Amino acid sequence: MTSQEWKEVEKALQSLYSLVKLNCDGYEITLCLNRITQFKNAIVIYVNGVIKGKWFFDDCEERRRFLRPIKKYLYSQKERNELKKMLKSYRKGSKSLDPNVMFTSYDYEWRSFKALKSHLIKNNHNIELIKEG
């Protein structure tokens, strides 16, 4: 896609419930700006017209290519500081006491168009705007 087409996509996603369709390496992607809460909107991504629950749990192409990865620490900042104060020899015996343990979850809502664009470009070789009408 050209930079002009990306600008068209971004402009189209500025109004609620407008749809933009892309073809990413054979997958038909539908982007829609939806209302999440009273003061928050997000771009929802549909792959071939659906969102499947198994994508959130099973490692698959759709999850890697299109869903938003969210990395978080297992422990809060306060708990991590307390764990760091513990003796290293005591923590060494247990992986669950590592203060830097993180987990990754996935979401179909993108809060930033720039992040969505970057993720799509990074994980797909050929992206085309599908113009309807």
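The values are calculated or read from the model by the stated rules, or taken from the named source; none is laboratory data. Predicted model only: the values in this text are computed from it and were never measured. Here Cβ is always computed from backbone atoms with ideal geometry, including for glycine, and neighbour counts include all displayed protein chains.
Numbers for the structure displayed
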{"read-out": "Set I43, I36: member being assigned to a strand (DSSP E or B), loosely packed, with under 15 Cβ neighbours inside 10 Å and aliphatic (A, V, I, L, M)", "value": "I36"}
{"read-out": "Count of region 47-77 residues which are part of a strand (DSSP E or B) and in contact (Cβ under 8 Å) with a residue 24 or more places away in the chain", "value": "6"}
{"read-out": "Test result for K84, outside the structural domain of L129 (by TED's automatic domain parsing) and in a helix (DSSP H, G or I)", "value": "yes"}
{"read-out": "Residue match in region 104-119 (condition: over 26 Å from M1 (Cβ atoms), assigned to a strand (DSSP E or B), touching a strand residue (DSSP E or B) at 6+ places or on another chain (Cβ under 7 Å) and touching a residue at least 12 places away in the same chain (Cβ under 8 Å))", "value": "yes"}
{"read-out": "Which numbered condition K88 fails, given (1) within 20 Å of N124 (Cβ to Cβ); (2) exposed (fewer than 14 other Cβ atoms within 10 Å of the Cβ)", "value": "(1)"}
{"read-out": "Close pairs (9 angstrom Cβ cut-off, 6 or more residues apart or separate chains): in the same structural domain as G49 (by TED's automatic domain parsing) and touching a residue at least 12 places away in the same chain (Cβ under 8 Å) in region 21-38, among the polar types (S, T, N, Q) and assigned to a strand (DSSP E or B) anywhere", "value": "K21/T30; L22/T30; I29/N23; L33/N41; N34/N41; R35/N41"}
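Every residue, every condition in (1) within 24 Å of E128 (Cβ to Cβ); (2) within 15 Å of the chain's Cα centre (by Cα); (3) at pLDDT below 95, yes or no:
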{"site": "K11", "(1), (2), (3)": "yes, no, yes"}
{"site": "G26", "(1), (2), (3)": "yes, no, yes"}
{"site": "T37", "(1), (2), (3)": "no, no, yes"}
{"site": "V44", "(1), (2), (3)": "yes, yes, no"}
{"site": "C60", "(1), (2), (3)": "yes, yes, yes"}
{"site": "L74", "(1), (2), (3)": "no, no, yes"}
{"site": "Q77", "(1), (2), (3)": "no, no, yes"}
